[in-house]
Amino acid sequence: MLYLKRNIESTLIALWKIEESFDELLAMLDDKSMLTNILSVKSARIRLEKIAIRVLLKTILGEEQNIVYNEAGRPFLHGKDLHVSISHTNGFVAIALNKANEVGLDIEYISDKILRVKERIVSDAEYIDLSQELTHLLLHWCAKESMFKVMDSDGVDYIDHMYINHFTPSMEGWFKAGESKTAQKRAFDVYYIVDPDFVLTCLTK
């Protein structure tokens, strides 16, 4: 079902909570010719998430969309003058759409697995509120994933080349981030949501 739809400045963010079976989602789509690659995927979970993305796009845009990928794995909507970013996590799929700018979105299910790899995500110079360590770490990870999606650069290190400015998480808001890998050394305003089940970040290039 459509779980969230929100306009943030020039970006539309939408989430689908997967409560349907694969067959139920498949029945919501008419043009099966665009699903050949999905139907051949071996993983049942990935098939379900990919179908859910198509259903979400149809729900938001009013018609079914053909998703194509470039060599770097970035998604595009064939024949549409829209920038898109796609992410999925346990039970949710999410999209961000922007007409003018490239967009990066990431969603992560809340799990303590992130604690095992925090040294590879956050530098000593970055601030983590220990009273909400798990949420704060996940927001750092999501933001850096979102940045990576719009950087167009190889060899990016999440500690050496990306940074998150000091902020204290709430349920929803903005924080500053940046990267030092590219010649542009871009700064980003990162929008975020903290849900009981997931965290989400979104930014534009």
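Points worth noting:
- Qualifying residue in segment 95-110 (condition: surrounded by fewer than 20 Cβ atoms within 10 Å (Cβ to Cβ), more than 30 Å from Asn70 (Cα to Cα) and of a type in the set (Ser, Thr, Tyr)): no
- In segment 172-205, residue surrounded by the fewest Cβ atoms within 10 Å (Cβ to Cβ) [restricted to those that are among the aliphatic types (A, V, I, L, M) and closer than 18 Å to Trp141 by Cβ]: Val194
- Within segment 116-148, tally of residues that are open to solvent by 60 Å² or more (accessible area, probe 1.4 Å) and not small (Gly, Ala, Ser): 9
- The lone exception for Leu56 - which of (1) hydrophobic (A, V, I, L, M, F, W, C); (2) assigned to a loop (DSSP other than H, G, I, E, B); (3) under 28 Å from Ala143 (Cβ atoms) it fails: (2)
- Residue match in segment 19-39 (condition: among the β-branched types (Val, Ile, Thr), open to solvent by less than 60 Å² (accessible area, probe 1.4 Å) and either in a helix (DSSP H, G or I) or modelled with pLDDT under 95 (or both)): yes
- Of all residues in segment 186-205, those that are in contact with a strand residue (DSSP E or B) (Cβ under 7 Å, 6 or more places away or on another chain), in a loop (DSSP other than H, G, I, E, B) and within 21 Å of Arg74 (Cα to Cα) total 1.
The values are calculated or read from the model by the stated rules, or taken from the named source; none is laboratory data. None of the values given here were measured: they were computed from a predicted structure. Quick reminder, even Gly has a Cβ in these numbers, built from the backbone with ideal geometry, and neighbours come from all protein chains shown. Heavy atoms of the whole protein, side chains included, go into the accessibility calculation; ligands, DNA and RNA do not. Shrake-Rupley method; radii C 1.70, N 1.55, O 1.52, S 1.80 Å.
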